[in-house]
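Here the structure comes first, spelled out in structure tokens, and everything after it is commentary.
The values are calculated or read from the model by the stated rules, or taken from the named source; none is laboratory data. Since this is a predicted model, take the numbers as computed values, not measurements. All Cβ positions, glycine included, derive from the backbone under ideal geometry; neighbour counts span all protein chains shown. For accessibility, only protein heavy atoms count, side chains too; no ligands or nucleic acids. Shrake-Rupley method; radii C 1.70, N 1.55, O 1.52, S 1.80 Å.
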Amino acid sequence: MPRHVAIFGAGIAGLTAAHELIRRGYRVSVYELNDSAGGFFRSERREQDNLPSEYSWHGFGPWYHNTFDLLKQIPFDANSSLYDRVLSRPMEYAVVPNTLGEDFDTADFFDKRRAFRMSKSDKLALVWGVLKVSSANNRTKERYALANAAAYWQPRMSKSGHSTWKAVFGPWIGSDWPYASLHHVGVFFARNIRSGPTHEHGADEDGPAWKHESMGGWSLLRAPSNEWWFDRLVAYLEQAGVEFHWESPLEELHYDGDTVTGAVVAQDTAVQADIYVLSSTPFAAAEILAKTPALANDEQLRKLPALIQDGPHTQVSFRIAFDESMSWPRERTAIALADSEFNITLYANEQSWPARIDLGDNVESLWTCTACVASMPGLIYGKPLRNCTKEEFVEEVLAQIFASEGLDFMIRKANNGRGLRDFRILKAEVWHEWTFSPNGIEPAQPKWVTTTNTQPHRPDQATSIPNLVLAGAHTKTEADIWSIEGAVESGRRAVKVYEPDVVLSRQHKPLLLRTLARLDDGLYALGLPHVLYMIGASVASALALIATRVLR
């Protein structure tokens, strides 16, 4: 009989683990809290108006090597894989300020030199910070991971340059600027600059063959995530023999001091397996740990309480539906409202979704938006996002969007003089899992992201308990950032504990930076300054010596 594996959580990590296990002959059962797969990446349609809704919109970077490899292995239909069909061509990100300077043109929104409002010294400080992270290893993981990125750059940049720079942390990195670390910001931008192997895509209805490569932008899904990704993946896994149990969250693990002997899910249903994969959120995993304190004897599991010390990440997804379509200055234009109090980012889905994808009843343009910062006071009520009622939140985000002279200018340029207020809003919808109350906003499932307090506490996938492994983007990965790529990699690493033949795609780092990082590890161990400072000091000393000899 094949060994039986119970996976708790049908998010990206759990589904990846299920795929790797079933193809190796295991019997696999997946237990999920929700009634559908996808975790924080899932989508749903509202019954009352068929409007597609989701937790947030997500991109696929050129360094998502494990993710793309997984998508190639899952069929979309009889003739193509998910990789062939579900990914859009890269979007073009526009950094849009509220007020515009003289002679500002639409192209300037996409010109990072002007849109970022940075001086030459600002750009030098930006590059230097990213380079410091990229040319270190232990130093950046142990020191720079504890330093707030926005605080690091604030004294090194002009006010306008710093304001714009930190405004892209939430939309791009997914961790809002009050919490994002220097390490994770540096890693993220370095990955996009030098991402490694190129990912080639064939010709499709949108044009000729194209490549996803370094500095090449981010792709989006070409339809709601469950309709084109997760539902197809679940159907494929079920056909292969995976059993799914919906609305069956893990309640308890039974542990005899050596191994996990069983589990209990919803309605006191007992689960027996040979191997257990805990791929739920770290908040849910910490609750299981609290119910069985003996599990804290394991070095990895006892990291969980410290890992979640910053609490859930509040990043609220909402949609704005219009009853007529509108044009954009470039194909697949994504917007970061650089001066919005809630750090709003938005994208009109119809730019990358085929015409056959229903946007909802009477909807011709559907913006999916995210408010990325929850701790800053809003424009109207002076309240941070986390303290708004639902009505106040909707009023706030609409006011902040309409306050952007830059966004209105962009829309007028692309729509023959018609501005944002000339398009009628049908409805504004907030992802249904957010509960608004006088005590603050709360999610049905708390979301974890990397912050300045998480790096030392991220657990490995392998535990000291021989039949229990962890999976999820909160565990240690080479991706090192809370991301789709981190989730896929973690699922593969969890299975690799038992099956060494599991193939992992490595993150790329140029030889020069790898060499500098190894040198810096030695300097860091001796308590000496960063390798770049040491090189700079050596060069300065050499130049001084040469100058002295020349002047003699």
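Assess whether VAL187 counts as being open to solvent by less than 60 Å² (accessible area, probe 1.4 Å), among the β-branched types (Val, Ile, Thr) and under 30 Å from GLU331 (Cβ atoms). Break it down into steps so the answer makes sense when it comes.
Numbers: open to solvent by less than 60 Å² (accessible area, probe 1.4 Å): yes; among the β-branched types (Val, Ile, Thr): yes; under 30 Å from GLU331 (Cβ atoms): yes.
Spelling it out, VAL187 is indeed open to solvent by less than 60 Å² (accessible area, probe 1.4 Å), among the β-branched types (Val, Ile, Thr) and under 30 Å from GLU331 (Cβ atoms).
Listed by first and then second residue, the pairs linking a residue in region 191-212 that is touching a residue at least 12 places away in the same chain (Cβ under 8 Å) and at positive phi to a residue that is open to solvent by 30 Å² or more (accessible area, probe 1.4 Å) and small (Gly, Ala, Ser), with Cβ atoms under 8 Å apart and 6 or more places separating them unless they lie on different chains, are GLY196/SER214.
Checking every residue in region 279-295 against the condition of being touching a residue at least 60 places away in the same chain (Cβ under 8 Å), under 20 Å from HIS19 (Cβ atoms) and either open to solvent by 70 Å² or more (accessible area, probe 1.4 Å) or not in a loop (DSSP other than H, G, I, E, B) (or both) gives zero matches. TRP448 meets each of the listed conditions (1) of a type in the set (A, V, I, L, M, F, W, C); (2) at pLDDT 95 or above; (3) open to solvent by less than 20 Å² (accessible area, probe 1.4 Å) apart from (2). Within region 400-426, being open to solvent by less than 50 Å² (accessible area, probe 1.4 Å) and at positive phi holds for one residue alone: GLY417. Hey, VAL95 hits all of (1) crowded, with 22+ Cβ neighbours inside 10 Å; (2) modelled with pLDDT of 95 or more; (3) within 30 Å of GLU429 (Cα to Cα) but one; which does it fall short on? So the condition that VAL95 fails would be (2).
When SER80, SER53, SER36, SER88 are checked against the criterion of being open to solvent by less than 10 Å² (accessible area, probe 1.4 Å), more than 29 Å from VAL187 (Cα to Cα) and either among the polar types (S, T, N, Q) or modelled with pLDDT under 95 (or both), a single residue qualifies: SER53. Only residues that are closer than 30 Å to GLY101 by Cα and assigned to a helix (DSSP H, G or I) were counted in region 121-162, giving 22. Within region 180-221, the set of residues being closer than 19 Å to ASN137 by Cβ, under 16 Å from the mean Cα position of the chain (by Cα) and of a type in the set (A, V, I, L, M) comprises VAL185, VAL187, ALA190. Residues in region 451-486 that are assigned to a helix (DSSP H, G or I) and open to solvent by 10 Å² or more (accessible area, probe 1.4 Å) were compared, and the one that is nearest to SER181 (Cα to Cα) is GLN455. Yes or no: ARG302 over 20 Å from the mean Cα position of the chain (by Cα) and basic (Lys, Arg)? Yes; evaluated as a whole, the condition is true for this residue.
How many residues are hydrophobic (A, V, I, L, M, F, W, C) and open to solvent by 10 Å² or more (accessible area, probe 1.4 Å) when one looks only at region 488-513? Please lay out each step first, then the result.
Step one: of region 488-513, the residues hydrophobic (A, V, I, L, M, F, W, C) are 488, 494-495, 497, 502-504, 511-513.
Narrowing the set further to residues that are open to solvent by 10 Å² or more (accessible area, probe 1.4 Å) leaves 497, 503-504, 511-513.
Counting residues in region 488-513 that are hydrophobic (A, V, I, L, M, F, W, C) and open to solvent by 10 Å² or more (accessible area, probe 1.4 Å) gives 6.
Checked against the criterion of being at pLDDT below 95 and either in a loop (DSSP other than H, G, I, E, B) or open to solvent by less than 10 Å² (accessible area, probe 1.4 Å) (or both), the candidates VAL373, VAL363 yield just one match: VAL373.
Do you know which residues across region 304-358 are of a type in the set (Val, Ile, Thr) and either surrounded by 17 or more Cβ atoms within 10 Å (Cβ to Cβ) or under 14 Å from VAL397 (Cα atoms) (or both)? Before the answer, list the steps.
Step one: filter region 304-358 for residues of a type in the set (Val, Ile, Thr), giving 308, 314, 316, 320, 333, 335, 344-345, 357.
Within region 304-358, ILE308, THR314, VAL316, ILE320, THR333, ILE335, ILE344, THR345 meet the criteria.
With the condition kept exactly as written, say whether any residue in region 195-206 is assigned to a loop (DSSP other than H, G, I, E, B) and either surrounded by 22 or more Cβ atoms within 10 Å (Cβ to Cβ) or hydroxyl-bearing (Ser, Thr, Tyr) (or both). Yes, region 195-206 contains a residue that is assigned to a loop (DSSP other than H, G, I, E, B) and either surrounded by 22 or more Cβ atoms within 10 Å (Cβ to Cβ) or hydroxyl-bearing (Ser, Thr, Tyr) (or both). Taking region 333-360 as the range and being in a strand (DSSP E or B) and either among the basic types (Lys, Arg) or touching a Pro at 6+ places or on another chain (Cβ under 6 Å) (or both) as the test, the residues that pass are ALA336, THR345.
Filtered by the rule that a residue be among the basic types (Lys, Arg) and closer than 13 Å to GLY216 by Cβ, region 56-106 gives a lone residue, ARG89.
Select from region 305-332 the residues that are among the aliphatic types (A, V, I, L, M), assigned to a helix (DSSP H, G or I) and over 20 Å from the mean Cα position of the chain (by Cα) and list them in ascending order.
Here is the first cut: in region 305-332, the ones among the aliphatic types (A, V, I, L, M) are 306-308, 316, 320-321, 326.
Those still in the list that are assigned to a helix (DSSP H, G or I) too: 306-307.
Result: ALA306, single match.
The single residue among ARG386, ARG319, ARG332 that is in contact (Cβ under 8 Å) with a residue 60 or more places away in the chain and on the phi > 0 side of the Ramachandran plot turns out to be ARG332. Of all residues in region 163-182, those satisfying the criterion of being open to solvent by less than 20 Å² (accessible area, probe 1.4 Å) and outside any helix (DSSP H, G or I) are VAL168, GLY174, SER175, ASP176, ALA180, SER181. Scanning region 427-455 for residues that are in contact with a Lys or Arg (Cβ under 8 Å, 6 or more places away or on another chain) and aliphatic (A, V, I, L, M) returns ALA428, VAL430, ILE441. Quick one: in region 113-129, which of the residues that are closer than 23 Å to TYR533 by Cβ and touching a Leu at 6+ places or on another chain (Cβ under 9 Å) is most open to solvent (accessible area, probe 1.4 Å)? Out of the qualifying residues, it is TRP128.
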